[in-house]
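Right, one structure below, let's go through it.
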Amino acid sequence: MIRDLSRRKRLATLIRALGDTEVGREFGLLRIANLADFQATIPLMEHAAHAERVTARLGFGFEFEASDGGEALTAAALERPAVRAAWRVRLGGARAPQRIAVLQAHADDLIVDRIRLDDLRALGESVELLRIDHVPPDPEALVAELRRFRADALVVPSLATCAWLEAVVRGPLERRLPGLRWLFAEHDLDERIRSRLPVLNAGWLHAAGRVAIPARRGPASGLLLATRSTLIELLPHGDPEIDPRSRTTETTVLPERAVLGERYELVLSSPLGFVRLRTGLHVRVVGFAPPLEPTVGDAGDSLPRARVVRLHPPPADAALEGVTLAGAWLTASVRQAFLPEDPALIAGDIAADPDALDVSGRASRSGLDPFADTELGASRAGSRRKGPKPRALVIRLEVQGQTDPGFTMRIADRVDLALRQRSAAYDWLRGRDELWEPRVVIARTGTAKAERDRRLRALWGPVARPVVRMT
């Protein structure tokens, strides 16, 4: 019985692509026989470690069988019939789009960029594409270009881009673009827009290749993990609503063994130059779908496919001198610090204050490791400490309206009190004056809007983010 034939093929392709590189020799890829060896040999790497140990060593000249359009690297064609079928279900009996405007910036890797365009061309033989990869200084010029093209479908990275265009035209998009019939969006599918046009899930692409395809069943933002195109592992994460501390292990689970309702971080490996990268992308498993039908030239798999929805990453913890505060506690404390009579909160950023250092303190007297040049300095225990840690938090807030001079002190006192109630260690250190009270800074009006506009104009990735976040 066929179980995971596609996964074994993707692993074999990754080994062929990276085995003779410096990265492959360091990790011993050519000696790996199966996925269990791959997981036992190669550690999970966060972005910084992956950039140093993998990306930087591959360099810019990394190529492998790109003459076939990169299909050997991405295996995107294996999932394309399922993508087309999911769109056809959403289209119903209506005619498929013929003139599609793609409002999307180019990906860093042209092979990945080609996946989205090939998916759209698969809708029909006479599909015409208009690629717009940047927003002109005058947004009206963008609307005029779409009107001249007479687009019947618009592809955007985020549904927030449609909301922004509607603000430009001061009404639903179909009023200024009468031929428009469909909207395709990859991110922020819960964003509210004025248009009544049907919205199709465009799937999910990453620099490592195809991550997920649209699900035929609800919810509208539901996705099926693209396990036939990319090596995907799931790293279990605790739910911040239940356990505020982020607790992860080095043990991943395969998508077909995921627990319904649990939260996971995606770990991606790809012949495009990704080896067990912890992406920081989080999903919740909401169901399973039967295996996809075999395609021409591919026998398919017989494993169920996990259906997921995307989640915002949980807030990161803040490491202070002597205590690590859970990010969920910090964001909740800032939200709860606002009372009904206070100005409305627009956005907030929380971080350990880099200026709150006490070099004369006993615990961080010099920040120097006397064993740095010895064997002890090279050990894991000796390398954990890198100088003194901050002794306070800094909170940048943007609020609606004017604030009185004592507003920042009141917010700081409320956040400090909430943290002392939540964390006994923090309360004890604050009582000894080892930690200092948070510092609150009021941001200039329009800071959050300017940041949102920058993400909109980038035409890449999600736009929406939590109101209060860790930085």
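Determine, yes or no, whether residue 29 is within 26 Å of the chain's Cα centre (by Cα), surrounded by 20 or more Cβ atoms within 10 Å (Cβ to Cβ) and closer than 14 Å to residue 231 by Cβ. Considered against the rule, which asks whether it is within 26 Å of the chain's Cα centre (by Cα), surrounded by 20 or more Cβ atoms within 10 Å (Cβ to Cβ) and closer than 14 Å to residue 231 by Cβ, residue 29 comes out as no. Test residue 408 against the stated conditions and say whether it is among the hydroxyl-bearing types (Ser, Thr, Tyr), more than 30 Å from residue 282 (Cα to Cα) and outside any helix (DSSP H, G or I). Taking the combined requirement at face value, the residue does not satisfy it.
Flag: residue 8 does not match the condition of being closer than 30 Å to residue 184 by Cβ and at pLDDT 90 or above. For segment 203-228, a residue qualifies if it is in a strand (DSSP E or B), within 15 Å of the chain's Cα centre (by Cα) and on the phi < 0 side of the Ramachandran plot, and the qualifying residues are 204, 205, 206, 210, 211, 212, 223, 225. Could you check residue 152 against (1) surrounded by 17 or more Cβ atoms within 10 Å (Cβ to Cβ); (2) charged (D, E, K, R); (3) closer than 24 Å to residue 224 by Cα and say which number it fails? Of everything listed in (1) surrounded by 17 or more Cβ atoms within 10 Å (Cβ to Cβ); (2) charged (D, E, K, R); (3) closer than 24 Å to residue 224 by Cα, residue 152 misses just condition (3). Against the test of being β-branched (Val, Ile, Thr), surrounded by fewer than 16 Cβ atoms within 10 Å (Cβ to Cβ) and closer than 15 Å to residue 345 by Cβ, the options 468, 441, 399, 415 yield a single qualifying residue, 441.
Note on segment 28-54: residues that are of a type outside the set (Val, Ile, Thr) and farther than 30 Å from residue 302 by Cβ total 11. Of the residues making up segment 296-350, those that are aliphatic (A, V, I, L, M), part of a loop (DSSP other than H, G, I, E, B) and either crowded, with 19+ Cβ neighbours inside 10 Å or in contact with a strand residue (DSSP E or B) (Cβ under 7 Å, 6 or more places away or on another chain) (or both) are 303, 316, 326, 337, 344. Within segment 414-433, the set of residues being within 17 Å of residue 331 (Cβ to Cβ), in contact with a Leu (Cβ under 8 Å, 6 or more places away or on another chain) and not aromatic (Phe, Trp, Tyr) comprises 415, 419, 423.
The values are calculated or read from the model by the stated rules, or taken from the named source; none is laboratory data. All of these numbers come straight from a predicted model, not from anything done at the bench. Using ideal geometry, Cβ is built from the backbone for each residue, glycine included, and neighbour counts are taken over all protein chains shown.
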